[in-house]
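What follows is calculated from the coordinates using simple rules that are stated; it is not laboratory data. What you see is a predicted model, and the numbers here were worked out from it, not measured in a lab. A quick note on method: Cβ atoms are made from the backbone with ideal geometry, for glycine too, and the neighbour counts reach across all protein chains shown.
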Amino acid sequence: MEQRSSEWYAGTDRNSYIHRAWMRRGLPENAFDGRPHIAIANSASDLTPCNSHLNEVMESVKAGIYEAGGIPLNLPVVSLGETQVRPTAMLWRNMMAMATEEMLRANPIDGVVLLGGCDKTIPALLMAAASVDLPAIVVPGGPMKTGTFQGVPLGCGTDVWRLSEEVRGGTLSQEQFLKSESSMISSKGHCNTMGTASTMALVAEALGTIIPGLAGTPAADSRLLESSHETGRLIVQLIAEARSPSTFLTKGSFHNAIVALAAIGGSTNAVVHLLAIAGRLGIDLSLDDFDHIGSGVPLLVNLQPAGRFLMDDFQRAGGLLSVLREVKDLLDPTALTVTGKPLVDYLDSAQIWDHEVITVRATPLIPDAGISVLRGNLAPGGAIIKPAAASPHLLTHRGKAVVFDTIEDMHARIDDPDLDVDENSVLVLRGCGPKGYPGMPEVANMPLPKKLLERGVRDMVRISDGRMSGTAYGTVVLHVTPEAAAGGALAIVENGDYIILDVPKRRLTLDVSHEELNLRSPNKATTDGFANPKRGWERLYVDHVMGADTGADLDFLQGSSGHKVSRESH
Ligand code: FES
Ligand code: MG
């Protein structure tokens with residue numbers, strides 16, 4: 001088969017000489033005889049600590065590629081450490097996707113293995129691979145092992161929120177809090193809760209882009225390297241059979257991903273990521289699909305943040321395939337995986353080994369675990385809530401708004417003893433959407449006012465155009481669209497307005513007359529809170545980013561540009 005890379009390497013002219021000669025630093029002459037050249041898009045970085053072990057994973061992928069007759073090439077890509085980059089890793093997800101896409105297209109390669117882990121890295125790599133549409137397989141870096149503090153397992157992320165709230169509520173000393181820090185991250189790998197990283201790895205497997213059974217394997221588990229080696233061999237086969245993402249990713253694949261998302265109780269961030277990936281493939285996936293497909297799917301996994309256990313328990317208990325076996329009838333049986341076989345073919349031999357961690361269909365933790373899509377005059381484009389992470393008594397609620405224009409405003413006033421707020425209030429935080437912040441940070445799970453915490457209040461209705469960390473929980477309405485900075489009604493909510501949340505009816509209403517709302521416009525403090533970057537990526541992003549309801553991708557990055565070889569460089 002004629003390889004794409006042969007456009008660089010085949011022939012005897014000056015240009016092919018140049019392309020070969022510069023690569024002959026370790027590559028032998030027969031590397032250019034028409035065998036496939038395969039990039040390993042590697043998001044290892046010291047500044048993405050959850051992915052720092054991916055160089056080791058890369059070596060195993062390399063060995064598998066060599067064994068199968070391919071040429072592996074490490075391609076370091078833009079990487080995003082969720083806890084490190086400001087203002088939010090989400091601002092850079094599209095940049096990582098764009099930079100990776102362009103480097104895959106610009107280089108002499110025939111396929112790619114995608115190495116990700118920390119929250120945004122697998123979504124960005126999949127967006128890139130979908131737009132280039134060369135054969136591609138994901139290797140997820142896997143979760144860290146569980147640390148313990150005072151004999152109790154720590155859920156990475158989730159317990160940071162819990163412990164810090166305990167300090168604010170006066171039930172944990174500052175000293176003990178700081179002591180827990182060295183136990184929070186106990187090994188290589190990403191967060192061990194059902195946060196965004198775990199969710200996206202499992203959802204990517206349900207989509208079919210990972211060798212079935214691999215996602216969720218802990219970073220330190222030797223089976224990760226074994227599967228990485230196998231992935232290296234498999235990518236060579238994919239290239240031989242010209243199986244690129246567009247040949248097997250269908251609406252059915254996304255259907256399966258949404259069923260998996262609900263059954264595992266995955267992160268709300270998966271909604272924007274799946275919408276963005278589908279947008280790259282030209283697959284017609286809508287926000288409402290998450291509600292329609294996900295509703296009725298039972299929650300079968302008892303993991304933090306909503307539940308009790310952690311990712312190493314999940315894997316020990318049987319992992320994703322054992323969960324999917326329980327909901328097999330809800331899956332699309334035609335959706336294929338990278339192996340060429342349908343996902344459903346992998347389920348019959350899967351078994352649940354610990355029913356406390358993964359439960360059977362007959363005894364779900366929650367019968368209906370999907371993500372609910374809310375609409376109304378406050379969110380005509382839609383907003384989402386994860387009922388499984390919310391307080392049942394707040395799912396229908398009417399309360400007075402307490403409005404914050406920025407995250408700084410919220411931090412400055414939330415603990416003010418004079419703040420006019422009680423447990424029935426609805427906390428509103430705006431200016432945190434894709435354009436407004438910019439980048440749609442994970443700030444929607446606002447801390448509760450200290451005076452209410454001290455009275456034992458542990459949850460309140462909160463509403464924002466921002467996102468919520470996948471490791472967080474609470475009755476939080478997220479991704480309000482259109483966002484305040486894009487003309488959404490969120491910008492004209494005033495303190496004391498009544499807001500009605502009705503999750504069973506899927507409504508989110510600002511209980512103010514149409515006439516009155518028509519007379520309002522955002523005040524200066526609100527609009528001053530919206531980002532107005534002068535240059536660089538932030539300017540490009542704010543000018544082109546679309547709403548959360550379509551995945552917050554840039555308008556000009558939707559769809560695929562394929563892998564056509566560009567003009568010669570010299
Ligand atoms: Fe990297 Fe949680 S911070 S996965
Ligand atoms: Mg996160």
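Screening the range 106-198 for helices (runs of 4 or more DSSP H) wholly inside it with 1 or more residues that are within 16 Å of ligand 1 (Cβ to nearest atom) returns the ranges 121-132, 158-169, 181-184. For the range 418-450, the set of residues classified as assigned to a loop (DSSP other than H, G, I, E, B) and either within 16 Å of ligand 1 (Cβ to nearest atom) or among the small types (Gly, Ala, Ser) (or both) consists of Ser425, Gly431, Gly433, Gly436, Gly439, Pro441, Val443, Ala444, Asn445, listed by residue number. Taking the range 72-95 as the range and being assigned to a loop (DSSP other than H, G, I, E, B), touching a helix residue (DSSP H, G or I) at 6+ places or on another chain (Cβ under 6 Å) and away from ligand 1 (no atom under 13 Å from the Cβ) as the test, the residues that pass are Val77, Val78. The set of residues from the range 324-368 being touching a residue at least 60 places away in the same chain (Cβ under 8 Å), over 11 Å from Val301 (Cβ atoms) and among the acidic types (Asp, Glu) comprises Asp332, Asp368. Counted as qualifying within the range 472-548 are the strands (runs of 3 or more DSSP E) with 3 or more residues that are surrounded by 20 or more Cβ atoms within 10 Å (Cβ to Cβ) and of a type in the set (Val, Ile, Thr), namely 476-481. Scanning the range 150-179 for residues that are over 26 Å from Phe314 (Cα atoms) and among the hydrophobic types (A, V, I, L, M, F, W, C) turns up Val167, Leu172, Phe177, Leu178. Scanning the range 452-467 for residues that are more than 9 Å from ligand 2 (Cβ to nearest atom), within 20 Å of the chain's Cα centre (by Cα), touching a residue at least 40 places away in the same chain (Cβ under 8 Å) and farther than 20 Å from Ile500 by Cβ yields nothing. I need the full set of residues from the range 516-554 which are within 29 Å of Ile385 (Cα to Cα) and in contact with a strand residue (DSSP E or B) (Cβ under 8 Å, 6 or more places away or on another chain), in order please. Leu517, Tyr541, His544, Val545, Met546, Gly547, Ala548, Asp549, Ala552, Asp553, Leu554, listed by residue number.
For the range 259-302, a tally of residues being in a helix (DSSP H, G or I), free of Cβ contacts under 8 Å to residues at least 60 places away in the same chain and either crowded, with 24+ Cβ neighbours inside 10 Å or charged (D, E, K, R) (or both) returns 1.
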